[in-house]
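Enquirer: Once you've had a glance at the structure underneath, I'll fire off some questions.
The values are calculated or read from the model by the stated rules, or taken from the named source; none is laboratory data. This one's a predicted model, so the numbers in the text were calculated from it and none came from an experiment. Here Cβ is always computed from backbone atoms with ideal geometry, including for glycine, and neighbour counts include all displayed protein chains. Ligands, DNA and RNA are stripped out before the accessible areas are found, and what is left, the full protein with its side chains, is counted by its heavy atoms. Shrake-Rupley method; radii C 1.70, N 1.55, O 1.52, S 1.80 Å.
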Amino acid sequence: MISPIKDLRHNTKSLSVLKKIIPTGSVVESFLLFAGDVEINLAESGRPVIAHTNRYVIYDFWKTLFDDPNSLAQSVEYLYPFETEEVFRVFQNNYHKEKSPLMRAALFFLLNRCSSSGMISSGVLEQNNYNPLALNYIRRFKQINFDVAYDGALSIENSINRVSEQTDFIFLPVGRFSYNFLSEGINRGPEDTIIVHKKLKSIVDNIPTKTVLNYQYHPGVLKLFKGYESIIMLNEYGKETTIKENAKEILIANFRTS
């Protein structure tokens, strides 16, 4: 199943290796939900997934997609195209203030599809990124073993610590690594989550549930998680590699994967 949302920041190829690590029938709770590509495909392959977010605009989109995909598609058709760059910027700044969850969800989808960055509150207007055929991803979406949970004001740490005892694996599609030196001064959209990577590692160090993190390749990730037994580098095709120069992604587990 193809996600209606595009994540241009992290085009992961990790699914086949994740399926080797996470056996069929395992219950997975994931966090940091955005596009949900990996989560959807894990769920479709017989690994039930509950995907968590503490961003209500992200929850709005997925819940609306599950409950009323036809109305969502109709709202997108009504809103498209954006008349001008200025109108696009106004929606970027204010979409989360719309009173209707349906309208918020439709704008979330369109802004994602029409933004040069693939984000909702940033990027310039590139309407050629939007193809009306993308509406088929909404209309044809099937909710198979996949659900979403809104964690409200809970931090990621508190959300993870509330994971059910029936959960077999935690999945964290982190994406880009940074040293967080300047994160305090950056303006964030309501769909963004600030990740403090040292804190995230501390959480993973101390939870009993088997946990897998997915990062884009960065030497800082290898340094931060030095000492972990299970660090798997992947090349641009999602194949395992031991050559750092060929690595595009990293999978890290707090348990032995082989």
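Enquirer: Given 0.36 nm per residue, what is the gain on full extension from N11 to L154 after removing their alpha carbon distance, in nm?
Expert: Net length gain for the segment: 48.8 nm.
Enquirer: Quick check for me: using +1 on Lys/Arg Cβ and -1 on Asp/Glu Cβ, what's the dipole size of the chain about its Cα centre, in debye to the nearest 20?
Expert: Values: 29 positive and 28 negative charges, 121 e Å.
Dipole of the chain, to the nearest 20 debye: 580 debye.
Enquirer: A further question follows. Along the Cα→Cβ direction, 7 angstrom out, place labels at Q127 and M1. What is the inter-label distance in nm?
Expert: So the label points at Q127 and M1 sit 3.2 nm apart.
Enquirer: Enter the Cα centre distance for the pair region 141-179 and region 3-41, rounded to the nearest angstrom.
Expert: Computed from Cα coordinates, the inter-centre distance equals 11 Å.
Enquirer: What is the set of long-range amide H partners of S30 at a cut-off below 5 Å, with H atoms built 1.01 Å from backbone N?
Expert: Distant-sequence amide H within range of S30: I50, A51, H52, F171.
Enquirer: Compute the length gained on full extension between R176 and R188: take 0.36 nm times their separation in residues and subtract their Cα-Cα distance, giving the result in nm to one decimal.
Expert: Working: separation 12, 0.36 × 12 = 4.32 nm, distance 1.55 nm.
Using 0.36 nm per residue and subtracting the Cα-Cα distance, I get 2.8 nm.
Enquirer: Please get the size of the charge dipole for region 162-236, origin at its Cα centre, with Cβ charges of +1 on Lys and Arg and -1 on Asp and Glu, quoted in debye to the nearest 20.
Expert: The calculated dipole for region 162-236 is roughly 260 debye.
Enquirer: Just how far, in whole angstrom, is region 194-258 from region 46-103 if you go by their alpha carbon centroids?
Expert: 31
Enquirer: If you don't mind, another one. With unit charges on the beta carbons (Lys and Arg positive, Asp and Glu negative) and the dipole taken about the Cα centre of region 29-184, which residue among L32, Y137, F169 sits farthest to the positive side?
Expert: The Cα lying farthest towards the positive end belongs to Y137.
Enquirer: Follow-up question, since we're still on this one. How big is D, in µm² s⁻¹, for region 126-258 by Stokes-Einstein at 4 °C and 1.567 mPa s if Rh is the Kirkwood radius over C-alpha pairs? Mind showing how you got there, number by number?
Expert: Details: Rh = 17.4 Å.
Taking Rh from Cα pairs, D becomes 74 µm²/s.
Enquirer: Tell me, what ³J(HN,Hα) does each residue in region 153-166 have, in order and in whole Hz, if you take phi through Karplus 6.51 cos²θ - 1.76 cosθ + 1.60 with θ = phi - 60° and put x for Gly and Pro?
Expert: Once θ is set to phi - 60°, the couplings for region 153-166 become 7, 5, 6, 4, 4, 5, 5, 5, 5, 9, 4, 5, 5, 7 Hz.
Enquirer: Just reorder R113, R140, R9 by solvent-accessible area, largest first, 1.4 Å probe, all chains present.
Expert: Output order, biggest surface exposure first: R140, R9, R113.
Enquirer: Based only on Cα atoms, what Rg/Rh ratio does region 150-220 have, Rh being taken as Kirkwood's radius? Intermediate values should be presented prior to the final figure.
Expert: On the way: Rg = 13.2 Å, Rh = 13.7 Å.
My calculation of the ratio gives 0.97.
Enquirer: Would you pull out the residues with amide H under 5 Å of T241's amide H, same chain only if 5 or more places away, H placed 1.01 Å from N?
Expert: Result for T241 returns M233, L234, N235.
Enquirer: Still on this structure: How long is the gain from S26 to E83 if the chain were fully straight, where each residue apart is worth 0.36 nm and the alpha carbon distance is subtracted?
Expert: Roughly 15.8 nm would be gained on extension.
Enquirer: So what's the back-of-envelope 222 nm ellipticity for the chain, counting only DSSP H runs of four-plus at -39500 (n - 2.57) apiece and dividing by all residues, rounded to 500?
Expert: Theoretical 222 nm ellipticity from helices: -9500 deg cm²/dmol.
Enquirer: Does the chain come out rounded, prolate or oblate by the C-alpha gyration tensor, with a ≥ b ≥ c the root eigenvalues, rounded set by a/c under 1.5 and, if not, prolate when a/b is larger than b/c and oblate if not?
Expert: It comes out prolate by the Cα gyration axes.
Enquirer: Identify the GluC sites (Glu not before Pro) of region 67-143 meeting these criteria: DSSP loop state and at most 15 other C-beta atoms within 10 Å of the C-beta.
Expert: Filter output for region 67-143: E83, E126.
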